[in-house]
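Nothing in this text is a laboratory measurement; each read-out follows from the coordinates by a stated rule. Everything numeric in this text was worked out from a predicted model, so none of it was measured. Positions of Cβ are backbone-derived with ideal geometry, glycine not excepted, and every protein chain shown enters the neighbour counts.
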2 protein chains.
Amino acid sequence: MAVNRKQQIIDAATKSFSLFGYKATTMDQVAKLANVGKGTIYTFFKNKEELFDEIVSTLISEMKEAAEQVIDPQLSFFENVHRALYRILEFRKQHQLAIKLFQEEREMGTPAVQEVIKKLETAIIAYIKQKIEAAIEKGEIRPCDAEITAFLMLKLYVALIFDWEKNHEPLEKEKIAELFELYFLKGLSK
Amino acid sequence: MAVNRKQQIIDAATKSFSLFGYKATTMDQVAKLANVGKGTIYTFFKNKEELFDEIVSTLISEMKEAAEQVIDPQLSFFENVHRALYRILEFRKQHQLAIKLFQEEREMGTPAVQEVIKKLETAIIAYIKQKIEAAIEKGEIRPCDAEITAFLMLKLYVALIFDWEKNHEPLEKEKIAELFELYFLKGLSK
DNA sequence: AAACTGACTAAATGAACAAAATGGTCAAAT
DNA sequence: ATTTGACCATTTTGTTCATTTAGTCAGTTT
């Protein structure tokens, strides 16, 4: 029992949140899973929500890292933003915890989960915004409101990847890249 | 009592759906409001959902008409689509019944309401799609998948008008037109 | 002494049951 | 031929009460 108790708790909580979601995870369960007295959890975290927050912060970092890994400075701004957004949403589609969280938000509307999802969205937008600002700086694209543009790019990708599938056949990754280029890069004008 | 009973029922139901939503409207209430026996309703409509459907179909027609009124054949495709989408969403924002329906969908997720909202969305997309096809035909814009484009244009407007407001100051109508032009017409390329 | 624990408490949840309300029907009334 | 509202099966709502849960803290362990 000499190992890092905080990490044990985080690991246990991550596993439980991933498996059962926020609401259905009890602190007793986390304590048992972590081989720790329940009181111990409260020496590291003020409450359940703060424990949750720490774990989601890690998820956000992982997403950012996953996005960063597909960025290639050799490639164009558009290619890179496409890769980053696609990677982030793919991550969201595959990562246990992310899946459970979005499901819980949809099906139960747990407030703590809503908050955390808002935080996640804000982080993604901030990340893309920063890429946009760099591209404007470098003169790679024409000046625009980076915040709104990042916001719309995310909306576009969520629409193409998640919403479109609700009523149509899923779109190929290349098709999405093509649409992204068509609308954001070239425009429909002749 | 010689007046059109069907219309009395529709009027009463419209009023009640607008005021209380779908779930909270009872058939007894509609009958009473319409000064009609409950059984009479069932001589005109198979059930509650069909009555609801008829009323929503009227709402959809009204929206289409509202959009059609701001279309000006003299103007460009983009100006017209902007006017139409903005008008439709403004309508949705102000119309009693539309407000109640979207609120009920958000807060209770009533299945009949979800269905009807999907139907409404489909109608808007079909309307825009048709405008896009005409514009491609006339050579006003470059060829593209009209269905996906209409879908994305609606998503863009909903994002700008409804979603953006959740975390930021609302955008001016002109600002939205400008963004629409920037992304869909010109693109960000230099 | 510092770290840890789990029995304990107040509050939240949900299971179980009863009562009320609701959508839809149909025999009787008009 | 229409219209109606009492009636029925089912769902929804209100209520009670036992269980569960987040968080605490006196006591135990290291």
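Picking from residues in the range A:1-46 that are among the polar types (S, T, N, Q) and within 12 Å of DNA strand C (Cβ to nearest atom), the one that is nearest to A:Glu107 (Cα to Cα) is A:Thr26. Of the helices (runs of 4 or more DSSP H) that lie entirely inside the range A:73-151, those containing 1 or more residues that are closer than 21 Å to B:Val158 by Cβ and within 11 Å of another protein chain (Cβ to nearest Cβ) span A:96-107, A:111-137.
Just one of the listed residues (B:Ile141, B:Ile136) is surrounded by 15 or more Cβ atoms within 10 Å (Cβ to Cβ) and in contact (Cβ under 8 Å) with a residue 40 or more places away in the chain, namely B:Ile141.
Of everything in the range A:45-87 that is within 16 Å of DNA strand D (Cβ to nearest atom) and either free of Cβ contacts under 8 Å to residues at least 12 places away in the same chain or of a type in the set (S, T, N, Q) (or both), the residue that is surrounded by the fewest Cβ atoms within 10 Å (Cβ to Cβ) is A:Lys46.
Summed over the range A:31-44, the residues that are of a type in the set (A, V, I, L, M, F, W, C) and near DNA strand D (Cβ under 8 Å from one of its atoms) give a count of 1.
For the range A:157-190, the set of residues classified as part of a loop (DSSP other than H, G, I, E, B) and either more than 10 Å from every other protein chain (Cβ to nearest Cβ) or within 12 Å of A:Leu89 (Cα to Cα) (or both) consists of A:Glu169, A:Pro170, A:Glu172, listed by residue number.
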